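As structure tokens, the structure follows; a few thoughts come after it.
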Amino acid sequence: MAATITRETIKIEKENGITWLIMNRPEKRNAMSPTLHREMEAAIDELATDPETLVLVITGAGAAFCAGQDIALTFRGRESASPADIRRNRQASAQWRWDKLNTFPKPTIAMVNGFCFGGAFTQVCACDYAIAADDAIFGLSEVNWGILPGGIVSWNVVQVMNYRDALYYATSGDTFDGRKATQMGVVNFSYPLDALREETIKMAKKLMEKSPAAVRYTKEAIRAVRFMNAPQAEDYLNAKSDALKYVDKENGRQEGMRQFLDEKSYRPGLGHFKRKQK
Ligand code: ACO
């Protein structure tokens, strides 16, 4: 039975190690208001050290994942907001969608259940993995109303898409579906909408079977080395590997060797060792 926490614009559901963090303004297609930014920021902070949260899934309520920034409240609203509020809202928006999600210590999955526009690409790209409904509609719609993909959306899309696709979709404003998003690397997989949740749970369970420290250090390493040259990466990865031995309280390295070399109970190329959970 899922435990549910409801705030003004978000919902948090926890079940079997998976926490579903849901943008919850379905009547506005989960467009991101200043309140939603602040609530998401606080929730991600809490969940980072929450022992019940082993995998975090970000998704949207109703027909949309997220229709981008709330154009009325974020943009038009800015005209009458105080400089302090503008600054705080901008920080919250950037913090949760990139800084906090990108460095979240446990696996994160964006489950794109429907419309995904503009600013919503940042949280999709910040998550470690993304899974979409086949028919979800993605769009870098900014150009359609005279702005460019700001925040860090342009930077996000050029990281996950190839250069020509990023340029084409950002300048044309054409939409694409979940299948095309998979081909272009915006998401890992797409499935029919009625199978999406089940497939997300399967992926979360697979991740929960691995050593949490190894998964965390691996994802941190993959993210970090993208911006390094080879000698920097080699030095960093050696240091990171040494650090992993120290932080892995389950001692997966020794356990893996024991099961492979001594017990002969598993083959690393064909599956994972049985975690010795603390
Ligand atoms: N900002 C503010 N309100 C929004 C937004 C948004 N980004 N997206 C949807 N809404 C509101 C609509 O104004 C409408 O409100 P109302 O009922 O008070 O009139 C309600 O949500 C439902 O939207 P509809 O357009 O009626 O829903 P529909 O399912 O037909 O279409 C769609 C959904 C395609 C997502 C459409 O709403 C849309 O194009 N939204 C804007 C997408 C966009 O360009 N986002 C901004 C990207 S740029 C950025 O993020 C910086």
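Laboratory data are not the source of any read-out in this text; all were calculated from the coordinates shown. From a predicted model like this one, the values you see are computed outputs, not experimental measurements. When we count neighbours, we look across all protein chains shown, and the Cβ atoms used for this are built from the backbone with ideal geometry, even at glycine.
Which members of region 130-152 meet the condition of being surrounded by 20 or more Cβ atoms within 10 Å (Cβ to Cβ) and away from the ligand (no atom under 13 Å from the Cβ)?
Across region 130-152, the qualifying residues are ALA130, ILE131, ALA132, ALA133.
List pairs: first residue in region 206-219 and within 17 Å of ASP50 (Cα to Cα), second residue of a type in the set (Asp, Glu) anywhere in the structure, Cβ distance under 6 angstrom, at least six positions apart or on different chains.
From residues that are within 17 Å of ASP50 (Cα to Cα), the pairs are ALA213/ASP248.
Per-residue answers, yes or no, for (1) surrounded by 22 or more Cβ atoms within 10 Å (Cβ to Cβ); (2) touching a strand residue (DSSP E or B) at 6+ places or on another chain (Cβ under 6 Å); (3) of a type in the set (A, V, I, L, M):
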residue: PRO51; (1), (2), (3): no, no, no
residue: ALA64; (1), (2), (3): yes, yes, yes
residue: THR74; (1), (2), (3): yes, no, no
residue: GLU79; (1), (2), (3): no, no, no
residue: ILE86; (1), (2), (3): no, no, yes
residue: ARG90; (1), (2), (3): no, no, no
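Would you confirm whether any residue within region 235-254 is farther than 28 Å from GLN159 by Cα and crowded, with 17+ Cβ neighbours inside 10 Å? Lay out the reasoning, then the answer.
Within region 235-254, the first condition is being farther than 28 Å from GLN159 by Cα, and the residues that meet it are 242, 245-254.
Restricting the remaining residues to those that are crowded, with 17+ Cβ neighbours inside 10 Å gives 248, 252.
Yes: region 235-254 contains one or more residues that are farther than 28 Å from GLN159 by Cα and crowded, with 17+ Cβ neighbours inside 10 Å.
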